Amino acid sequence: MTDPDIAAILDEIDSDQSANEDRGKVADYIPELATVNPAHFAMSVVLANGQQFSTGDASLPFSIQSVSKVFTLALALGRLGDRLWDRVGREPSGLAFNSILQLEHEQGIPRNPFVNAGAIVVTDAILAGHAPREMLGELLLFIRTAAGDDAIHINENVARSETETGHRNFALAHFMRAHGNLLNPPELTLGAYFHQCAVEMTTEQLALAGRFLMNAPDMPRLVSRERVRRINALMMTCGHYDGSGDFAFRVGLPGKSGVGGGILVIAPGRASIAVWSPGLNAQGNSKLGTEAVERLARRTGWSVFG
Ligand code: GLU
């Protein structure tokens, strides 16, 4: 296959998606996110040779929310190695991102590190007695190093807004604490978790930050090759909650979504892709974002399935 003309493909996707009126629904359970204009659309691609392409509102920061779980997982695996898997599973949940159902059956051990309960355990593991400020400093350092951009920051208004309304996450945390699977006080772990979710990035920055997951020779090597494979495997099987199977079927690449409407997608050895459109589908994943990466994958032929 000759090299695909990424710039032309992105332009085409942008003009179709900007005109698309069926944009999904912006998340409103975090009041600060409900203020975001659903008309935004952005997409950025970084290739294994370092070339960068962007379209739309690619320099406008958005709330990365659960995409942050990829970075905390990388940090936690670096810190604890395989001991992390004593506290969190590696199976898709087939349930909503904030479901409490399985936790009761499975004695407070979340299904995987990408559902909220699992991500809260991962944050708790990195926190391990440190002040949340220290842990968040380490996370920002990791993300800034991955992206090569020191301007990436946390939006305090978004963090505060979720702290005031995140009752389901408090329920999950207290439930896990009751089962002995949360080592820090729930308020402390959740304070850190809400702040990690409130990291803001542009699609340009997010695509750059995703380079360490490409396993390509000239890309930043922040975690080992084996670990990158495992993080990608979890993104593929669990990265879109109960929409993970559908995302694998339609896109064929590992990805992690967030309720801010962002998705980080990795074409191993080839590209790191970030897309943002705030309107969500029924599973809480960006509606136009999913359609856009589906189209990019089809046009480029990128797929982990051959
Ligand atoms: N901060 C959000 C929550 O815990 C993240 C969910 C998501 O992005 O899917 O509800």
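Things worth noting here:
- Test set (1) surrounded by 18 or more Cβ atoms within 10 Å (Cβ to Cβ); (2) without any contact (Cβ under 8 Å) to a residue 60 or more places away in the chain - ALA282 fails condition number: (1)
- Scoring SER68 on the criteria (1) in a helix (DSSP H, G or I); (2) away from the ligand (no atom under 16 Å from the Cβ) leaves a single failure, condition (2).
- Selection within the range 57-104: residues that are acidic (Asp, Glu) and out of contact with any strand residue (DSSP E or B) (no Cβ under 6 Å at 6 or more places or on another chain). The member of this set that is farthest from ASP11 (Cα to Cα) is GLU104.
- Any hit, the range 139-151, residues being among the β-branched types (Val, Ile, Thr) and within 12 Å of the ligand (Cβ to nearest atom): no
- A residue that is within 14 Å of the ligand (Cβ to nearest atom) and not aromatic (Phe, Trp, Tyr) cannot be found anywhere in the range 38-57.
- Matching residues in the range 11-29 - criterion: being part of a loop (DSSP other than H, G, I, E, B) and either within 19 Å of GLY260 (Cβ to Cβ) or in contact with a helix residue (DSSP H, G or I) (Cβ under 7 Å, 6 or more places away or on another chain) (or both): ASN20, ARG23, GLY24, ALA27, ASP28, TYR29
- Matching residues, the range 96-118, being in a loop (DSSP other than H, G, I, E, B), within 15 Å of the ligand (Cβ to nearest atom), over 17 Å from the mean Cα position of the chain (by Cα) and aliphatic (A, V, I, L, M): ILE100
Conditions tested, residue by residue: (1) within 12 Å of the ligand (Cβ to nearest atom); (2) of a type outside the set (A, V, I, L, M, F, W, C); (3) within 29 Å of ARG144 (Cβ to Cβ).
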| site | (1), (2), (3) |
| --- | --- |
| MET176 | no, no, no |
| PRO185 | no, yes, yes |
| HIS195 | yes, yes, yes |
| ALA198 | yes, no, yes |
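- The range 203-225 - residue that is among the charged types (D, E, K, R) and either within 16 Å of the ligand (Cβ to nearest atom) or free of Cβ contacts under 8 Å to residues at least 60 places away in the same chain (or both) and, of those, surrounded by the fewest Cβ atoms within 10 Å (Cβ to Cβ): ARG225
- Pairs meeting the criteria (first residue in the range 252-263 and among the polar types (S, T, N, Q), second residue modelled with pLDDT of 95 or more and away from the ligand (no atom under 13 Å from the Cβ), beta carbons under 9 Å, at least 6 apart or on different chains) are SER257/PHE247; SER257/THR290.
- Within the range 257-275, the set of residues being among the hydrophobic types (A, V, I, L, M, F, W, C) and farther than 23 Å from ALA216 by Cβ comprises just one member, VAL259.
- Some residue of the range 150-157 being surrounded by 17 or more Cβ atoms within 10 Å (Cβ to Cβ), out of contact with any strand residue (DSSP E or B) (no Cβ under 8 Å at 6 or more places or on another chain) and in contact (Cβ under 8 Å) with a residue 24 or more places away in the chain: no
- Some residue of the range 187-202 being in contact with a Lys or Arg (Cβ under 8 Å, 6 or more places away or on another chain), buried (at least 24 other Cβ atoms within 10 Å of the Cβ) and not in a helix (DSSP H, G or I): no
- Taken over the range 83-94, the criterion of being over 17 Å from the mean Cα position of the chain (by Cα) and within 16 Å of the ligand (Cβ to nearest atom) is satisfied by VAL88, GLY94.
- Test for ARG168: is it of a type in the set (Lys, Arg), part of a helix (DSSP H, G or I) and within 20 Å of the chain's Cα centre (by Cα): yes
- When the criteria are applied in full, GLY180 fails the requirement of being small (Gly, Ala, Ser), outside any helix (DSSP H, G or I), more than 16 Å from the ligand (Cβ to nearest atom) and modelled with pLDDT under 95.
- Residue match in the range 207-217 (condition: in a helix (DSSP H, G or I), of a type in the set (Phe, Trp, Tyr) and within 19 Å of LEU73 (Cα to Cα)): yes
The values are calculated or read from the model by the stated rules, or taken from the named source; none is laboratory data. Small disclaimer: the values here were computed from a predicted structure and weren't measured. FYI the Cβ positions are ideal-geometry reconstructions off the backbone, even for glycines, and counts take in every protein chain you see.
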